[in-house]
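As structure tokens, the structure follows; a few thoughts come after it.
The values are calculated or read from the model by the stated rules, or taken from the named source; none is laboratory data. All figures in this text were calculated on a predicted structure; none of them were measured in a lab. We place every Cβ from the backbone using ideal geometry, glycine too, and count neighbours over all the protein chains shown.
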Amino acid sequence: MAALTVGALALGAVGLAGCGGGDNASTTSSSETTTEPPVTYPVEATLATLFTTENDLLYSAYVDPANREDYGFATHITPAAEDHIVQFGGKGDILVRVSYMTSTLSRNGAKVWDSKATLLYTTSPLVWHGQIDDEGTYSVHEPVNALPARAVVGTRSNWFTSVDYTSRDRTTVKQRTTVDYFLAAGDVAGTAWLCLDFKVKEEATGALQNSTTCMKTNTTGAVLGVKRSGASVL
């Protein structure tokens with residue numbers, strides 16, 4: 001992802017007009033117009049919070065209109081201790097931090113399924129290097145592009161691409177995934193949706209799957225709500 005430059009924009013226009021002659025006094029007039037700087041929202045810090053703090057921020061609920069069943073999609077993330085550093089063989093044994101993620105789908109309060117994954121990342125800046133799922137999928141994210149500190153609504157760019165192998169030996173590719181981030185307008189002033197857009201292509205069949213996880217945020221980066229479409233886990 002190419003880092004986007006966003007920031008305050010102030011435009012000033014000053015017009016000077018003067019006239020005078022003989023004994024007439026000269027006059028000068030001026031005018032100034034300014035443009036308010038665009039509202040920006042934290043991107044890197046908001047996403048880093050998901051990885052580096054124990055949280056349930058990604059919970060979302062859905063009511064099936066056909067039968068009025070209540071569905072809940074919960075994601076609990078627990079980071080290992082800061083001094084728990086491991087080698088990630090998928091990227092040349094680089095040293096990475098670890099967080100553990102459990103995702104659960106429930107219907108009317110009863111668990112339908114759950115899954116577990118290990119997230120591998122570094123911070124300052126946040127780089128999500130890969131993920132190992134309990135089913136055995138071994139994902140290597142490369143390249144991973146820098147996230148902007150802040151961005152405006154309408155910003156969209158690639159965060160990373162991933163090769164998802166069937167196992168740690170990385171001999172068979174299961175699927176390939178691209179993940180973009182984008183900012184969409186919120187439903188009230190001072191908010192925006194910070195979204196992760198996942199596009200997955202199965203290696204064997206070429207079948208495509210799309211899913212999106214969006215976090216409602218404000219100018220301080222708080223996560224105020226979540227909405228999902230497709231089979232999103234994060």
Out of THR220, THR178, sole residue that is surrounded by fewer than 17 Cβ atoms within 10 Å (Cβ to Cβ) and part of a loop (DSSP other than H, G, I, E, B) | THR220
Given the conditions (1) farther than 30 Å from TYR41 by Cβ; (2) outside any strand (DSSP E or B); (3) touching a Leu at 6+ places or on another chain (Cβ under 8 Å), and given that ILE132 satisfies all but one, which numbered condition is not satisfied?
-> (2)
Do the conditions hold for PHE88, that is, is it under 30 Å from THR219 (Cβ atoms) and touching a strand residue (DSSP E or B) at 6+ places or on another chain (Cβ under 6 Å)?
-> no
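Condition check ((1) over 15 Å from the mean Cα position of the chain (by Cα); (2) assigned to a strand (DSSP E or B)) across all residues:
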| site | (1), (2) |
| --- | --- |
| VAL112 | yes, yes |
| THR118 | yes, yes |
| SER124 | yes, no |
| TRP128 | no, yes |
| PHE182 | no, yes |
| ALA189 | yes, no |
| LEU196 | no, yes |
| LYS199 | no, yes |
Assuming SER167 fulfils every condition listed in (1) touching a Gly at 6+ places or on another chain (Cβ under 8 Å); (2) farther than 25 Å from GLY90 by Cα; (3) assigned to a loop (DSSP other than H, G, I, E, B) apart from one, which condition is it?
-> (2)
Does PRO143 satisfy the condition of being part of a strand (DSSP E or B), under 18 Å from the mean Cα position of the chain (by Cα) and closer than 30 Å to VAL39 by Cβ?
-> yes
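Looking only at region 75-92, how many residues end up being part of a loop (DSSP other than H, G, I, E, B) and surrounded by 12 or more Cβ atoms within 10 Å (Cβ to Cβ)?
Qualifying residue count for the region: 2.
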Pairs where the first residue, in region 128-141, is under 15 Å from TRP159 (Cα atoms) and the second is surrounded by fewer than 21 Cβ atoms within 10 Å (Cβ to Cβ) and basic (Lys, Arg), C-beta under 8 Å, 6+ apart | HIS129/LYS91; GLY130/LYS91; VAL140/LYS91; VAL140/ARG170
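So is LYS216 among the basic types (Lys, Arg), touching a strand residue (DSSP E or B) at 6+ places or on another chain (Cβ under 8 Å), at pLDDT 95 or above and within 20 Å of ALA45 (Cα to Cα) or not?
Numbers: among the basic types (Lys, Arg): yes; touching a strand residue (DSSP E or B) at 6+ places or on another chain (Cβ under 8 Å): yes; at pLDDT 95 or above: yes; within 20 Å of ALA45 (Cα to Cα): yes.
Considered against the rule, which asks whether it is among the basic types (Lys, Arg), touching a strand residue (DSSP E or B) at 6+ places or on another chain (Cβ under 8 Å), at pLDDT 95 or above and within 20 Å of ALA45 (Cα to Cα), LYS216 comes out as yes.
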Of residues in region 135-154 being of a type in the set (A, V, I, L, M, F, W, C) and over 13 Å from VAL43 (Cα atoms), the one surrounded by the fewest Cβ atoms within 10 Å (Cβ to Cβ) = VAL140
Please enumerate the residues belonging to region 47-74 that are surrounded by 18 or more Cβ atoms within 10 Å (Cβ to Cβ) and over 24 Å from ARG150 (Cα atoms).
-> PHE73
Select from region 86-118 the residues that are within 13 Å of GLN131 (Cα to Cα) and of a type in the set (D, E, K, R) and list them in ascending order.
-> LYS91, ARG97, LYS116
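Restricting to region 93-104, and then to whatever is in a strand (DSSP E or B) and either of a type in the set (Val, Ile, Thr) or over 20 Å from the mean Cα position of the chain (by Cα) (or both), can you tell me which residue is farthest from TYR59 (Cα to Cα)? Steps first, answer last, please.
The initial filter retains those residues of region 93-104 that are in a strand (DSSP E or B), namely 94-104.
Filter once more, keeping what is either of a type in the set (Val, Ile, Thr) or over 20 Å from the mean Cα position of the chain (by Cα) (or both): 94-96, 98, 102, 104.
Details: ILE94: 31, LEU95: 30, VAL96: 26, VAL98: 21, THR102: 12, THR104: 10 Å.
Applying the filter and picking the extreme gives ILE94.
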All but one of (1) more than 19 Å from CYS214 (Cα to Cα); (2) in a strand (DSSP E or B); (3) in contact (Cβ under 8 Å) with a residue 40 or more places away in the chain hold for ASN158; which doesn't?
-> (1)
